[in-house]
Amino acid sequence: SLSATLTSYYNQSIGEVLEFHRSGYEKLGEELYAVAQAQGIHLPQDMIRQVIADQEKMPYDATTSMHTDFRKHKPTELETLTGYVVESGKALHLPVPSYEMMYKELKTR
């Protein structure tokens, strides 16, 4: 959900997001990690570093399926990816402000 949310929100490729909005991976990653931990899902402590390293291996112009769907004005995975983290955060009383902000904006598109 990290890359899908970020590429869709910024309307940029993975390479562009890494170049101009790398901190977004850290913000969303911290929120996702907290939600997963609260649900009893154990993610690696260096998850964010691993995700960034994996994304750096992608071609600069690569994007995500959710971003592609937004660009083509097709149904997206917004609810099952970004929305899921937002709803889980609410249910667990955990703040997920970055996810919430991006989700609200993406809902308008």
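The values are calculated or read from the model by the stated rules, or taken from the named source; none is laboratory data. Bear in mind the structure is a predicted one, so any value in this text is a computation, not a measurement. As a convention, Cβ positions derive from the backbone with ideal geometry for all residues, glycine included, and neighbour counts pool all protein chains shown. Calculation scope for accessible area: heavy atoms of the full protein, side chains included, ligands and nucleic acids excluded. Shrake-Rupley method; radii C 1.70, N 1.55, O 1.52, S 1.80 Å.
Structure above, values below:
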read-out: The chain: most fluctuating residue of L81, L32, L92 per GNM, C-alpha cutoff 10 Å; value: L92
read-out: Candidates H67, H93, H21, ranked by Gaussian network fluctuation over the chain, Cα under 10 Å, top entry; value: H93
read-out: Solvent-accessible area, 1.4 Å probe, carbon plus sulfur percent, for the chain; value: 54
read-out: Value at 222 nm in deg cm²/dmol, rounded to 500, when DSSP H runs of n ≥ 4 in the chain each add -39,500 (n - 2.57); value: -18500 deg cm²/dmol
read-out: Label-point separation in nm, T80 to H42, each point 7 Å along Cα→Cβ; value: 2.8
read-out: Placed amide H near A62: partners under 5 Å, 5+ positions off or other chain; value: I14, G15
read-out: Proximal lysine pairs, the chain, alpha carbons under 21 Å, eight or more residues apart or interchain; value: 10
read-out: Choice from V96, V86, V51 showing the highest fluctuation, given a GNM over the chain with Cα pairs closer than 10 Å; value: V51
